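What follows is one structure encoded as structure tokens, with my remarks underneath.
Values quoted throughout were computed directly from the atomic coordinates according to the rules given, and no laboratory measurement underlies them. Being a predicted model, the structure only gives us computed values, none of them experimental. When we count neighbours, we look across all protein chains shown, and the Cβ atoms used for this are built from the backbone with ideal geometry, even at glycine.
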Amino acid sequence: MATQLTSAGPGRRAPHGGRHRTEPYIVRDSAPVTLTGLTAKVVLLGLAAGIAVWAAFPLVEARAWAGLAILAGTTAAIFYLYLTRRHVPAKYLVPGTLLLIAFQIFPILYTASTAFTNFGDGHRGNKAEAIVAIQTASVTQVPGSTEYALAVATTGDPATGPLVFLVTDPATRAVYAGNAAGLRALPEGEVTVNSAGKVTAARGYTVLDAGQASARSAEITAFAVPTPGGAIRSSGLSRAYEGKATREYAEACDCVRDTATGRTWTADEGAGAFVAADGERLAQGWKVGVGLANFSRVLTDSTISGPFLRTLLWNVAFAVGSVAATFALGLLCALALHTPRMRGRALYRVLLILPYAMPSFAMLLVWRDLFNTDFGLVNRLFGLDVDWLGGVWSARLAVVLVQMWLGFPYMFLVATGALQAIPRELTEASTVDGAGPWQSFRRVTLPLLMVALTPLLISSFAFNFNNFNAVYLTTEGGPFPADNPTAGATDLLITYTFRLAFGAAGAQYGFAAAISVFIFAIVALLSAVSFRRTRRQEELYA
Amino acid sequence: MRTVPLRHAVAAGAVAFALFPILFVLSAALNPRGTLSSTELLPTGLSLENFDRLLSETRFASWFANTMLIAGLASAAAVFLGALAAYAFSRMRFRGRRTGLLALLLIQMFPQFLAIVTIFLMFSTVTELWPAVGFNTPWGLVLLYLGGALGVNTWLMKGFLDTLPRELDESATIDGATHAQVFFQIILPLVAPILAVTGLLVFIATVNEFLIANVFLTDTGSKTLSVGMYGLISGERNNNFGVFCAGTLLTAVPTVLVFQFLQRYIVSGLTAGAVKG
């Protein structure tokens, strides 16, 4: 979390950076040290040190020594970097890079590493947690179970905060607070108990009233506080009982046994689950490494590999089509307005930029309604009766059209900026040399534009390649062929993956991560190829 | 110029294409019945009932304030961080420069929504340790967004910095300016137009960001516009359509204003001033 240091420092100065004659804050190489520069440096490094100290206290309290070491190391590195006269490029790159590492690279690497595990619903924690979950879930009320008075409380917001059971022992009137971690006795002075034995107030907890509790009754019913040999569960909203677990883990056989039926499930370390002799698995498993199984499943499972290629082809076509359509229209508009002789340019600019100013997620949902067969505006406006999102090619056309509407103002903006950066002398010179407007555009303006814009086009391609919202909020991947409800005609790899991994079968993050790695490899490869071509272009024109 | 009528025709056609869905949203927002099925392209009524419902029945005002704070901070900081990096990439030669640039482009290509699970786990820890930058705080979300400050924007700015003649900063260096003075006093004022464009792009992207904000902000009062408004129609689509469109229009207002405010920088042109001579 050391990244806060830098962002809080230079980041806050950003609004003034461009316009004020801001003093330099980085050490000079050769020129004498100025007062403003020195002051700024002292203030910013002081701020960084202050934030580091602030961030260190909770780490010490939580005994997170590794985190503390990273914090100390990063802070020391920052001080070294901005006090030395060497490593000038790093002075400019480090602030953004630290944030990049913490919030992009680390999550991506962590996600990619889950591709080699079975992480997902039923395989979240470790084996011990799975055993506790199995025992807790099997708890039933047996004769002689202790009955407690229950008050449901939370440590946070009454509607969403984490639940806590405040239970009163009927015999001793001692009060305990219980959550998924277990029971904890509360000191007598911190709780108020009414005559029925129910807790009405406790320091550090908000007791839910009847309305708040019944709004979360499903959560409360599922909630269980593990105890040795069983768990405390609710029975209604004001009583709780300590039941016995019918399923118990035995270390000797490394298996779970059901005391009622005598059935056993043996631990399978390869699959991360308890498996019975007939192959039945318990729902609560644990996270284990599965090697390349997720990857080979993509290639060998015919229900996945079959549609994969078809989806990939459409995906490439969609990304190329979207970039081409938005760039063509955006550039056309930018060229049309790129003359001082035209009246109303400012007005046109404002109007053309409007689609970009509208919130895109909202407009995607609006567009879906515009393409509605019965009361959609597109059909009403042109007197058509087309089931736009129901036909394979009309749906594909619609998706690209919507993307063109959303994306062309961006291309218009960057193309306008790039056009303004091209010195007018160049086109003027080519006109003097006898070139027509088309020739001078084709031979002078366009090549120069492409030097500045090709990286953006590649990046736009990568964005559209994974443009989840554009498909998910409009067609949801449909229309679907009758024989395969998992791969629709407008599905991109990412929406297809989303449905496979998070769909009806529950979350399978490990498998989804494996497909993501494939997607990443494909996009990176396609981009790298176009990037090499840009490089050649750059050498040609730069 | 004989091409001017043609230019007007192209621009007018594009404007028509750009505006008709917006006109529909406007019409729905003013539609007194407030449903999707009763909305025409041109407004059929002039009722502010949808706006009234939006402001009285939802926490729209606080969503709006949150969004402005988050998008404003994130775009300002991202532009500054991006400009710093672009300066290094454009003007300095160092080991790993080409690799770094390529890496920035490649990192953007990983499907981000899957990293959501990781980000959630990560910020669960952060919320425990430092609640001030944890879930439901604008500061944490801004930090998270700044993870993407270096990326395509760096490319955009580097591209424009590359078009500035190096003689400008070389002569300043000869006159005794440090690299920091060159950056703050020579480069930044010259690239003000591209800073404006980049700031606008980041601002818009932040206002529209939904996936991460939806995980990050769960308290009704801390939500941003995109998260709050999505909640409006996730259940009652047809009936809340008018209210939703009213919210859509109000969401667009600050973006349009920011664009208006920055337009003179954009239009002032990169080469109109010092660079040209």
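Observations on the model:
- Sum of side-chain charges, B:Ala246 neighbourhood, beta-carbon under 12 Å (Lys, Arg +1; Asp, Glu -1): -2
- In nm, spacing of pseudo-spin labels at A:Glu251 and B:Phe94 (7 Å Cα→C-beta vector): 5.4 nm
- Computed helical MRE - 222 nm, chain B, DSSP H runs ≥ 4 contributing -39500 (n - 2.57), nearest 500: -22500 deg cm²/dmol
- Shielding by partners for peptide A:449-458, expressed as the average number of C-beta atoms from other protein chains within 10 Å of each residue's C-beta, is 3.
- The length gained by stretching the chain between A:Thr431 and A:Thr160 to full extension, at 0.36 nm per residue less their Cα-Cα distance, is 90.7 nm.
- Nearest 10 degrees, 0 to 90: helix A:446-465 Cα axis against chain A principal axis: 20 degrees
- The stretch A:60-127: C-alpha gyration tensor shape, a/c 1.5 cut-off, then a/b vs b/c: oblate
- Those GluC sites (Glu not before Pro) in the stretch A:225-266 that DSSP places in a loop and that have at most 16 other beta carbons within 10 Å: A:Glu251
- Fewest-first ranking of B:Thr99, B:Thr178, A:Thr140, using other Cβ atoms within 10 Å as the exposure measure: B:Thr99, A:Thr140, B:Thr178
- Net dipole in debye of chain B [+1 Lys, Arg Cβ; -1 Asp, Glu Cβ; about Cα centre; nearest 20]: 740 debye
- Placing a pseudo-label 7 Å from each Cα along the Cα-to-Cβ vector at B:Thr127 and A:Ala69 gives an inter-label distance of 2.9 nm.
- Rounded FRET efficiency, nearest 0.05, which uses the C-beta distance separating A:Arg532 from A:Leu83 and R0 of 45 Å: 0.65
- Estimated distance in nm for a label pair at A:Thr39 and A:Arg263, the labels positioned 7 Å out from Cα along Cα-to-Cβ: 7.8 nm
- For chain B, the longest principal axis of the Cα atoms and the long axis of helix B:112-129 meet at an angle of about 90 degrees.
- Using only the C-alpha atoms, the convex hull of the stretch B:1-112 corresponds to 242 Å³ per residue.
- Calculated P(r) of chain B - Cα pairs past 35 Å, %: 33 percent
- Span from the the stretch B:165-225 Cα centroid across to the the stretch A:480-500 one, whole angstrom: 39 Å
- What separates the Cα centres of the stretch B:6-60 and the stretch A:193-220 is a distance of 47 Å.
- FRET efficiency for A:Ala128 and A:Asn194, using Cβ-Cβ distance with R0 set to 45 Å, rounded to 0.05: 0.75
- Ranking of A:Met363, A:Met411, A:Met450, B:Met229 by count of other Cβ atoms within 10 Å, fewest first: A:Met450, A:Met363, A:Met411, B:Met229
- Rh by Kirkwood over Cα pairs, then Stokes-Einstein D for the stretch B:41-164 at 1.306 mPa s and 10 °C, µm²/s: 89 µm²/s
- Note that the stretch B:1-47 shows a convex hull volume over its alpha carbon atoms of 68 Å³ per residue.
- Cross-link partners of A:Lys91 among lysines, defined as those whose alpha carbon lies under 22 angstrom from its own and excluding same-chain residues fewer than eight positions apart: A:Lys41, B:Lys158.
- The value given for the stretch A:380-446 is a Kirkwood hydrodynamic radius of 15.3 Å, derived from the mean inverse Cα-Cα separation.
- Around A:Thr146: net Lys/Arg minus Asp/Glu count, Cβ-Cβ under 15 Å: +1
- Annotation: for a label point projected 7 angstrom from Cα along Cα→Cβ of B:Leu102, residues of the stretch A:442-470 with backbone N closer than 20 Å are A:451-463.
- Angle in degrees between helix A:345-357 and the longest Cα principal axis of chain A, rounded to the nearest 10: 20 degrees
- Dividing the helix sum by the residues of chain A, where each DSSP H run of 4 or more adds -39500 (n - 2.57), gives a mean residue ellipticity at 222 nm of -17000 deg cm²/dmol.
- Residue mean of other protein chain beta carbons inside 10 Å, A:417-424: 6
- Evaluating kT/(6 pi eta Rh) at 37 °C and 0.692 mPa s, with the Kirkwood radius of the stretch B:79-225 over Cα pairs in the Stokes-Einstein relation, gives 189 µm² s⁻¹.
- Over all Cα atoms in chain A, the spread is summed up by Rg and Dmax: 31.5, 104 Å.
- Whether the stretch B:145-199 is rounded, prolate or oblate, judged on the alpha carbon gyration tensor where a/c under 1.5 counts as rounded: prolate
- Excluding same-chain neighbours fewer than eight residues apart, the lysines reachable from A:Lys127 by a Cα-Cα span under 29 Å are A:Lys244, A:Lys287.
- Overall, the stretch A:140-246 carries a charge dipole of about 140 debye about its Cα centre when +1 sits on the Cβ of Lys and Arg and -1 on the Cβ of Asp and Glu, all other atoms neutral.
- Taken residue by residue and averaged, Cβ atoms of other chains lying within 10 Å of the Cβ of B:144-157 number 6.
- Fewest neighbouring Cβ atoms within 10 Å first, the residues B:Val182, A:Val529 line up as A:Val529, B:Val182.
- Each principal axis of the Cα cloud of the stretch A:140-246 was taken in turn, and the coordinate range along them, longest first, works out to 35, 30, 23 Å.
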